[in-house]
């Protein structure tokens, strides 16, 4: 088995990396841009909201967890002029359309959409998966991304274009079996990205996808059977650790910004080399 850094070293590396990311000189890459981030109440979504805010964007933090979304605003040190919260069930077309309308009404336009909201529930093997759980996962993780794109794209094209970043998962690439509906829904997000990009890149809307591997978030910790099992994810990883939410936010920032102006229809694997090392 490949040996990584000791546990104590991993903690130090992660802490140092987090401090480094937070202290990075900001460049205003999203100055005067307006973004909607679904799933912004915690984890990767929260890190994206914070990074977008520091880069000059006006951010609509979209989530059903309003207390968590308000906490994100607090961490962003946001003012009413720079960010707001919207309560939305992304599997409901009316609520998604309202979310987009509120963002445009509130801030005057829509330039960026990050589809980060998702649910992950561990399941038994396929034949024992409950149909209700399957439908719930598909409605949130796949239909929700479809609806957000459906209503955001016209708002973007009306303003000359924009950027959409869909968050899939390595589960959608590799078909990891600890949650059958989650893996299938995330595979769907990858293909939805490709299809949407083929139709709307010509209209000025760039649509890309990221597929993170293990990232230290509340969702990941909650999907792991025990603290010991979570810590065990570091063992054998080529970097000796899982990712940090800020690291995912960095590539989302790049895809959302004009620096990625020639990028559309792509899916980026962000797993610290784990998949490459396993093949």
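The values are calculated or read from the model by the stated rules, or taken from the named source; none is laboratory data. Nothing here was measured: the structure is a model prediction, and the numbers come from that model. FYI the Cβ positions are ideal-geometry reconstructions off the backbone, even for glycines, and counts take in every protein chain you see.
Here are the numbers for the structure shown:
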{"read-out": "Enumeration of residues in the range 190-208 that are out of contact with any strand residue (DSSP E or B) (no Cβ under 6 Å at 6 or more places or on another chain) and without any contact (Cβ under 8 Å) to a residue 60 or more places away in the chain", "value": "191, 192, 195, 199, 200, 202, 203, 204"}
{"read-out": "Flag for residue 100 being surrounded by 19 or more Cβ atoms within 10 Å (Cβ to Cβ), within 16 Å of the chain's Cα centre (by Cα) and in contact (Cβ under 8 Å) with a residue 40 or more places away in the chain", "value": "no"}
{"read-out": "Search result, residues across the range 253-264 that are more than 14 Å from residue 111 (Cβ to Cβ) and buried (at least 17 other Cβ atoms within 10 Å of the Cβ)", "value": "264"}
{"read-out": "Of all residues in the range 124-139 being surrounded by fewer than 22 Cβ atoms within 10 Å (Cβ to Cβ) and in contact (Cβ under 8 Å) with a residue 12 or more places away in the chain, the one that is farthest from residue 199 (Cα to Cα)", "value": "125"}
{"read-out": "Positions within the range 26-67 being farther than 23 Å from residue 97 by Cβ, out of contact with any helix residue (DSSP H, G or I) (no Cβ under 7 Å at 6 or more places or on another chain) and outside any loop (DSSP other than H, G, I, E, B), in sequence order", "value": "54, 67"}
{"read-out": "Matching residues, the range 80-94, being over 23 Å from residue 144 (Cβ atoms) and at pLDDT 95 or above", "value": "81, 82"}
{"read-out": "Extreme residue, farthest from the chain's Cα centre (by Cα), among residues of the range 238-279 that are farther than 17 Å from residue 30 by Cα, at pLDDT 90 or above and part of a helix (DSSP H, G or I)", "value": "247"}
{"read-out": "Scan of the range 102-128 for residues that are over 19 Å from residue 176 (Cβ atoms), assigned to a helix (DSSP H, G or I) and out of contact with any helix residue (DSSP H, G or I) (no Cβ under 9 Å at 6 or more places or on another chain), ordered by number", "value": "102, 105, 106, 107"}
{"read-out": "Among the residues listed as 173, 184, the single one being more than 30 Å from residue 30 (Cα to Cα), in a helix (DSSP H, G or I) and within 18 Å of the chain's Cα centre (by Cα)", "value": "184"}
